[in-house]
Amino acid sequence: MICSISTGKCGLSWLDRLRSTKGFPTADGLDLDHFLSTNNPNSDSNSTESSQSDEKRVGENRKEISSNRNGDDDGDSEWFGIMSNVLSDLFNMGGEPDRSRKKKSSRKQTNPRICLVSTAAAAAAVEEEEERSSVGCERKDENASAENANASNAVDRGGGGGGSGCDNEEEEEGELDNGGGERELFGFSRNEVTVIDTSCVEWKFEKLVYRKRNVWKVREKKGKSKIIGRKRRKGGGCDGSADVKKKMKVSNSEENGGGRGGECVSPSKHVSLLC
Amino acid sequence: MAPMRGLKKRKKLDKKNEGNASASGSSEKEGSVDWWHDFCQRINGFQSPSKGLDKYKSVFKISRNTFNYICSLVEENMMVKTGGISFSNGKNLSFQDQVAIALRRLSSGESLMTIGDSCGLHHSTVSQVTWRFVEALEERGLQHLQWPSSETEMTEIKSKFEKMRGLPNCCGVIDTTHIMMCLPTSDQTSNVWLDREKNHSMVLQAIVDPEMRFRDIVIGWPGKMEDWLIFQSSSFNKLCDEGERLNGKNIELSEGSEIREYIIGDSGYPLLPYLMTPYQGKELPELRAEFNRRLSATQMVAQRALARLKDMWKIIQGVMWRPDKHKLPRIILVCCLLHNIVIDLEDDLQDEMPLSYAHDSGYRQQVCEAMDIKGVCLRDALSHYLSGKLPP
């Protein structure tokens, strides 16, 4: 209330006093255009218009500035340019921004989308999602070597290595933002296992076993990756056995054939083998 | 070294081993007899060597000849670093002492502390010696666990299987057992080892020949993985699927009907052209019921093999206290190798072993309904063939 009272001492309002303390004209010549064109802060200018009108004028002024740039070059145009940029930044005018001062775009997306990486890893991840959502999901042989490197790296980062007698399982609940391969393993528990298979030339090897409910993924420590099985929980018997049936592709040619060269696809076709 | 099977080979081997033992043992002249005398004196609670030869078998569960052969296998590897291992009284362990202690540990399943106390050793020494033996045998003894490499050998196997219950062209029996472990239940990292019977376990899958010899094993997968999944991830399955294994001659069952080479398994496995499983369901037609009976009777050989494995090498019989899960598969492998060596050397002791069938007590039968149409056809043909043939 006190501030709103006009003192009448000097015949100046609070706005005028403010302008005078800042070196701006108080009574006449308040027009910003005039102020800028004369390059004289003390020149007569007088304005009580709202900021909206100011913005409009500044916008108009910027047009003038841009036209002046192509015209006679002098020190004034440079000054105008600086001022107009400052003002446009201050008032966020809708005009065309100066290319020399292009504002940095935000690193955050205004409308976040799923990032689709066009790699084998992403393809494998998508396939897996599709398979998971499909009815007959049992297991499949995926060849996602590109993904495996990422996954292995992730594992190495998170795992802390083996060697000890302790189990190296951990829930990968943290952010895995280094690629599709890691994203694919989100929520999987991880175990390092040593497997001996005497039919394999390299009969002893270490594997990384990822498990999420009934989905198992096996990765070689050196980077190969394969899904060895997936099944859906169904009541009774071998879990997911019905899915195995569905997944099996059957050819009835050579029913009693020797098994070589037949088209019969056993479940093993959908299982990644370890060697 | 090639696998040694048969009496003639065994005798040759024994002669060779006698030479090895005398050359490398701690007691040169009398060889292992004197060593046994010394060893008995060191072990608390054991009787004098006069009664010792029989005691020898009860301690190690293998004959002297087999012991000597095992020593000859691992000698080179174990002798590389012999220093620094001694009894509590300061006397160094001989190479045979080390083998004996390792065998005792594997066969008795007693704790490191118990064995250490009975032998006058620190428990860490027992552990060290056992692991050294395991490393040596897994490297030197793997030829005792191989898929038949020659047609002659396979023909012999198939013939023996057919003599059992009439299954023609059968090459092996597959079965699975669980090696149980005691893991902290509060630790979520143990979950993957928790099997369907709520035990923490590691799975051993074995394919067995008619003489209970392991021909193919897969060890190390967590107990939560089902039998069929482990089979499908095995190299054996891959090789069969690619026609590189079980690819021998077909046998003509009847006119226009042939059967390829195959193995048999229980209902926990999928029915495949190279893996015959029983018919499922109750009140089966006689034809199918008879097939199941023959299949089940033939399968007993695998159950007996696994039961004997655990009975003879008791370290994998009980519940292991928080084992190193990277080392455990190697210990199991060595037990399987020892099991095969006893068979290959025709150790008399194997005949004295009880014929038990219980290797996985408390585990219910799994059921896998997956089947391949070719497998269905072959099974039907086989059951028809068997229905018209009396058991031998």
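The values are calculated or read from the model by the stated rules, or taken from the named source; none is laboratory data. On a predicted model such as this, the values are computed, not experimentally measured, just so you know. Note that each Cβ is placed from the backbone with ideal geometry, even for glycine, and that neighbours are counted across all protein chains shown. Ligands, DNA and RNA are excluded from the accessible area calculation, which covers all protein heavy atoms including side chains. Shrake-Rupley method; radii C 1.70, N 1.55, O 1.52, S 1.80 Å.
Filter the range B:208-231 for residues that are in contact with a helix residue (DSSP H, G or I) (Cβ under 7 Å, 6 or more places away or on another chain) and in contact (Cβ under 8 Å) with a residue 60 or more places away in the chain and give the result.
B:Val208, B:Asp209, B:Pro210, B:Glu211, B:Met212, B:Arg213, B:Phe214, B:Asp216, B:Ile217, B:Ile219, B:Gly220
Name every residue in the range B:163-193 that is more than 21 Å from B:Ile217 (Cα to Cα), open to solvent by 40 Å² or more (accessible area, probe 1.4 Å) and not basic (Lys, Arg), in order of residue number.
B:Met164, B:Cys182, B:Thr185, B:Ser186, B:Asp187, B:Gln188, B:Asn191
Among the numbered conditions (1) farther than 26 Å from B:Pro323 by Cβ; (2) modelled with pLDDT of 90 or more; (3) more than 20 Å from the chain's Cα centre (by Cα), tell me where B:Phe95 comes up short.
All conditions are met except number (2).
Applying the selection to the range B:275-292, what residues are of a type in the set (D, E, K, R) and either in contact with a Lys or Arg (Cβ under 8 Å, 6 or more places away or on another chain) or not in a helix (DSSP H, G or I) (or both)?
Selection gives B:Lys282, B:Glu283.
Restricting the search to the range B:196-209, which residues are open to solvent by 10 Å² or more (accessible area, probe 1.4 Å) and either of a type in the set (D, E, K, R) or at the interface with another protein chain (Cβ under 8 Å from one of its Cβ atoms) (or both)? Don't jump to the end; show me each part of the working.
Here is the first cut: in the range B:196-209, the residues open to solvent by 10 Å² or more (accessible area, probe 1.4 Å) are B:196-200.
Of everything in the range B:196-209, those that are open to solvent by 10 Å² or more (accessible area, probe 1.4 Å) and either of a type in the set (D, E, K, R) or at the interface with another protein chain (Cβ under 8 Å from one of its Cβ atoms) (or both) turn out to be B:Arg196, B:Glu197, B:Lys198.
When the range B:105-147 is examined, which residues are found to be more than 15 Å from B:Cys335 (Cβ to Cβ) and either touching a strand residue (DSSP E or B) at 6+ places or on another chain (Cβ under 7 Å) or among the polar types (S, T, N, Q) (or both)?
Those that are more than 15 Å from B:Cys335 (Cβ to Cβ) and either touching a strand residue (DSSP E or B) at 6+ places or on another chain (Cβ under 7 Å) or among the polar types (S, T, N, Q) (or both): B:Ser111, B:Thr114, B:Ser118, B:Ser124, B:Thr125, B:Ser127, B:Gln128, B:Gln143, B:Gln146, B:Trp147.
In the range B:216-228, how many are closer than 19 Å to A:Lys212 by Cβ and in a strand (DSSP E or B)?
2
Identify the single condition in (1) open to solvent by 10 Å² or more (accessible area, probe 1.4 Å); (2) at negative phi; (3) modelled with pLDDT under 95 that B:Pro278 does not satisfy, given that it satisfies every other one.
Of everything listed in (1) open to solvent by 10 Å² or more (accessible area, probe 1.4 Å); (2) at negative phi; (3) modelled with pLDDT under 95, B:Pro278 misses just condition (3).
Rundown of residues vs (1) over 18 Å from B:Gly220 (Cβ atoms); (2) within 12 Å of chain A (Cβ to nearest Cβ); (3) at pLDDT 95 or above, yes/no style:
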{"position": "B:Trp313", "(1), (2), (3)": "no, no, no"}
{"position": "B:Trp321", "(1), (2), (3)": "yes, yes, no"}
{"position": "B:Lys325", "(1), (2), (3)": "no, yes, no"}
{"position": "B:Val342", "(1), (2), (3)": "yes, no, no"}
{"position": "B:Leu345", "(1), (2), (3)": "yes, no, no"}
{"position": "B:Asp348", "(1), (2), (3)": "yes, no, no"}
{"position": "B:Leu355", "(1), (2), (3)": "yes, no, no"}
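Would you be able to say whether some residue in the range B:210-228 is more than 10 Å from chain A (Cβ to nearest Cβ) and among the aliphatic types (A, V, I, L, M)?
Yes: one or more hits.
Looking at (1) crowded, with 18+ Cβ neighbours inside 10 Å; (2) touching a residue at least 60 places away in the same chain (Cβ under 8 Å), which is the only condition B:Ala307 fails?
Unmet for B:Ala307, out of (1) crowded, with 18+ Cβ neighbours inside 10 Å; (2) touching a residue at least 60 places away in the same chain (Cβ under 8 Å): (2).
Taking only pairs six or more apart or across chains, which ones have beta-carbon atoms under 8 Å, a first residue in the range B:259-277 that is farther than 12 Å from B:Val376 by Cβ and without any contact (Cβ under 8 Å) to a residue 24 or more places away in the chain, and a second residue that is among the aromatic types (Phe, Trp, Tyr) and assigned to a strand (DSSP E or B)?
none
Select the helices (runs of 4 or more DSSP H) contained entirely in the range B:61-162, then report the ones holding at least 2 residues which are under 24 Å from B:Asp209 (Cβ atoms), within 14 Å of chain A (Cβ to nearest Cβ) and open to solvent by less than 60 Å² (accessible area, probe 1.4 Å).
B:123-140
Considering each residue of the range A:197-216, count those that are open to solvent by less than 10 Å² (accessible area, probe 1.4 Å), closer than 20 Å to B:Leu194 by Cα and touching a Gly at 6+ places or on another chain (Cβ under 9 Å), and give that number.
Number satisfying all stated conditions: 3.
Of the residues in the range B:220-229, how many are closer than 30 Å to B:Lys163 by Cα and either at pLDDT 95 or above or among the hydrophobic types (A, V, I, L, M, F, W, C) (or both)? Walk me through how you get there before you give the answer.
First, the residues of the range B:220-229 that are closer than 30 Å to B:Lys163 by Cα: B:227-228.
This time we only want the ones that are either at pLDDT 95 or above or among the hydrophobic types (A, V, I, L, M, F, W, C) (or both), so: B:228.
Residues that pass the stated criteria total 1.
Quick test for you: out of B:Phe236, B:Phe231, pick the one residue that is touching a strand residue (DSSP E or B) at 6+ places or on another chain (Cβ under 8 Å), buried (at least 22 other Cβ atoms within 10 Å of the Cβ), more than 7 Å from every other protein chain (Cβ to nearest Cβ) and in a helix (DSSP H, G or I).
Just one listed residue meets the conditions, B:Phe231.
Tell me, yes or no, whether the range B:265-272 has at least one residue that is under 29 Å from B:Lys327 (Cα atoms) and open to solvent by 30 Å² or more (accessible area, probe 1.4 Å).
No, because not a single residue in the range B:265-272 is under 29 Å from B:Lys327 (Cα atoms) and open to solvent by 30 Å² or more (accessible area, probe 1.4 Å).
Which residue pairs have Cβ atoms under 7 Å apart, sit 6 or more places apart or on different chains, and have a first residue in the range B:155-181 that is touching a residue at least 24 places away in the same chain (Cβ under 8 Å) and a second that is part of a strand (DSSP E or B) and among the aromatic types (Phe, Trp, Tyr)?
Pairs that qualify, where the first residue is touching a residue at least 24 places away in the same chain (Cβ under 8 Å) and the partner is part of a strand (DSSP E or B) and among the aromatic types (Phe, Trp, Tyr), are B:Asn169/B:Tyr262; B:Cys170/B:Tyr262; B:Cys171/B:Tyr262.
Of all residues in the range B:366-379, count the ones that are modelled with pLDDT of 90 or more and either in a loop (DSSP other than H, G, I, E, B) or open to solvent by 40 Å² or more (accessible area, probe 1.4 Å) (or both).
So the count comes out to 6.
Looking at the range B:239-257 only, could you name the residues that are within 7 Å of chain A (Cβ to nearest Cβ) and either free of Cβ contacts under 8 Å to residues at least 60 places away in the same chain or crowded, with 20+ Cβ neighbours inside 10 Å (or both)? Quick ask: steps written out before the conclusion?
First, the residues of the range B:239-257 that are within 7 Å of chain A (Cβ to nearest Cβ): B:239, B:241, B:243, B:247, B:250, B:257.
Correct list: B:Leu239, B:Asp241, B:Gly243, B:Asn247.
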